[in-house]
């Protein structure tokens with residue numbers, strides 16, 4: 001009868017010691033890093049003629065126009081994105097697919113903060129965040 005109790009006591013002793021052993025070796029803290037989804041050269045991705053065309057289209061369509069035709073804005077944006085994809089060497093369809101949600105997001109951002117469209121720099125910051 002003593003054997004089951006000893007085995008149970010030994011087993012409980014192992015479980016009781018486990019948290020103490022784990023407490024001695026904490027997991028390393030995760031390093032905080034920032035990564036760009038556009039690759040290493042964010043400047044080339046956002047400061048080019050295609051993003052300037054998209055900005056101009058956004059201003060013309062969204063600034064001061066509460067009843068903007070978002071479907072037409074989206075299609076015109078896609079045409080710019082396809083040209084951009086060719087210029088960047090990734091292909092028109094891939095770039096359009098990569099940026100497909102951006103026109104509607106820009107429309108929502110501009111609705112919430114119309115000053116986003118005041119300058120190209122504020123527009124880019126709204127799209128990709130501050131430098």
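Name the residues in the stretch 65-102 that are within 19 Å of residue 124 (Cα to Cα) and in a loop (DSSP other than H, G, I, E, B), would you?
100, 101
Being assigned to a loop (DSSP other than H, G, I, E, B) and in contact with a helix residue (DSSP H, G or I) (Cβ under 6 Å, 6 or more places away or on another chain) is the filter here; which residues of the stretch 53-64 pass it?
Kept after step one, since they are assigned to a loop (DSSP other than H, G, I, E, B), are these residues of the stretch 53-64: 63-64.
If the condition is that a residue be assigned to a loop (DSSP other than H, G, I, E, B) and in contact with a helix residue (DSSP H, G or I) (Cβ under 6 Å, 6 or more places away or on another chain), then 63 is the only one that fits.
Which of the residues spanning the stretch 43-52 are over 13 Å from residue 127 (Cα atoms) and part of a loop (DSSP other than H, G, I, E, B)?
48
For residues that are on the phi < 0 side of the Ramachandran plot and loosely packed, with under 12 Cβ neighbours inside 10 Å, tally how many sit in the stretch 74-92.
1
Conditions: (1) under 18 Å from residue 123 (Cβ atoms); (2) free of Cβ contacts under 8 Å to residues at least 40 places away in the same chain; (3) surrounded by 14 or more Cβ atoms within 10 Å (Cβ to Cβ). Residue 105 meets all but one. Number of the miss?
With respect to (1) under 18 Å from residue 123 (Cβ atoms); (2) free of Cβ contacts under 8 Å to residues at least 40 places away in the same chain; (3) surrounded by 14 or more Cβ atoms within 10 Å (Cβ to Cβ), residue 105 is out only on (3).
Every number here is computed from the coordinates shown, using simple stated rules; none is lab data. This one's a predicted model, so the numbers in the text were calculated from it and none came from an experiment. When we count neighbours, we look across all protein chains shown, and the Cβ atoms used for this are built from the backbone with ideal geometry, even at glycine.
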